[in-house]
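The values are calculated or read from the model by the stated rules, or taken from the named source; none is laboratory data. Just so we're clear, the structure is a prediction, and the values are computed from it rather than from any experiment. Don't worry about glycine lacking a Cβ; one is built from the backbone with ideal geometry, like all the others, and counts go over all protein chains shown. To get the accessible areas, we keep the full protein, side chains included, count just its heavy atoms, and leave off ligands, DNA and RNA. Shrake-Rupley method; radii C 1.70, N 1.55, O 1.52, S 1.80 Å.
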Amino acid sequence: LPVELKLKDKNNHYTIVTITDTTKNVPAIKSLSKIKTELASIYRKSLRDKEMKLVVCGEELTFVEYEILTAPFARTPNATPIYWKKNIDFKFGKYKAKGFIGILRDINSTQNGFVLLRRGRVIIGAETDGRYFPKCLSGSSGTFRYKRTFGELELDGFEVSFNKNDIQD
């Protein structure tokens, strides 16, 4: 591939990848929509933090945040509403996890479950990929808790598979 290098200040650097001469195997419009959704999900942290700009077919991708429930505890319906999101930050030996656990405002089978990130990129649980459902947090399949519990955890110290699509530890 032809590469063009230009010197830039260390605080103003980036990479642009442009694919202009595609093969006849270019994705169909329906597939392209799924690809955009998947890419926005995988790179959600970088998009959210404005660390990158991701453009596909002239459209800048964004990750749409999931809505978190704000409501009183079920057993005390007249109490002050609670924002049902808990930040997580723990370390156990060489392992670290930072992120959040929350309750979805509405049941949504494409948003429930946990997304595991490593180095800012989703490893498990992108939009069309299988989410992580630890039974101790999510409960059993089909339960109210399973359908509405969700979260994101940035993992550190964990090994990943050779193609970086699974956590080994």
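Over the range 36-169, what is the relative contact order in whole percent, taking alpha-carbon pairs under 8 Å and six or more residues apart?
On the way: 250 pairs, mean separation 30.5, N = 134.
Computed value for the range 36-169: 23 percent relative contact order.
What FRET efficiency do you get for Thr20 and Arg48 if R0 is 22 Å and r is their Cβ-Cβ distance, rounded to the nearest 0.05?
On the way: r = 29 Å, r/R0 = 1.31.
Approximately 0.15, to the nearest 0.05.
With all protein chains present, calculate the accessible area of Lys98 using a 1.4 Å probe and round the result to the nearest 10 Å².
Approximately 120 Å² of Lys98 is accessible to the 1.4 Å probe.
Find the eigenvalues of the gyration tensor of the Cα atoms of the range 31-101, then list the square roots of 5 times those eigenvalues as equivalent ellipsoid semi-axes, largest first, in whole angstrom. Mind showing how you got there, number by number?
On the way: eigenvalues 204, 84, 20 Å².
Largest first, the range 31-101 gives 32, 20, 10 Å.
May I ask you to compute the full-extension gain from Lys94 to Thr110, defined as 0.36 nm times their residue separation minus their alpha-carbon distance, rounded to one decimal in nm? Intermediate values should be presented prior to the final figure.
Values: separation 16, 0.36 × 16 = 5.76 nm, distance 3.15 nm.
Here the answer is 2.6 nm.
List the lysines whose Cα lies under 21 Å from the Cα of Lys36, skipping any in the same chain that are fewer than 8 positions away.
Lys36 reaches Lys24, Lys45, Lys50, Lys53, Lys164.
When a/c is below 1.5 the answer is rounded, else prolate if a/b is larger than b/c, else oblate, so apply that to the range 11-169 with a ≥ b ≥ c taken from the square roots of the Cα gyration tensor eigenvalues. List each step's numbers first, then the result.
Working: a/c = 1.91, a/b = 1.56, b/c = 1.22.
In terms of gyration-tensor shape, prolate.
Could you calculate the FRET efficiency of Thr143 with Arg121 from 1/(1 + (r/R0)^6), where r is the beta carbon distance between them and R0 is 30 Å, rounded to 0.05?
So the FRET efficiency works out to roughly 0.50.
Rounded to the nearest 10 Å², what accessible area does Asp49 have for a 1.4 Å probe in the complete protein model?
Near enough 70 Å² of accessible area.
Most fluctuating residue of Phe92, Phe158, Phe133 in a GNM of the chain with Cα springs under 10 Å: which is it?
Highest fluctuation of the listed residues: Phe92.
Please work out whether the range 113-168 counts as rounded, prolate or oblate from its C-alpha gyration tensor, where a ≥ b ≥ c are the square roots of the eigenvalues and a/c under 1.5 means rounded, while otherwise a/b larger than b/c means prolate and anything else oblate? Each step should come with its number before you reach the end.
Details: a/c = 2.27, a/b = 2.09, b/c = 1.09.
Prolate, since a/c reaches 1.5 and a/b exceeds b/c.
Relative to the longest principal axis of the C-alpha atoms of the chain, give the angle of the C-alpha long axis of helix 29-42, reported between 0 and 90° and rounded to the nearest 10°.
For 29-42 against the chain, the angle is about 70 degrees.
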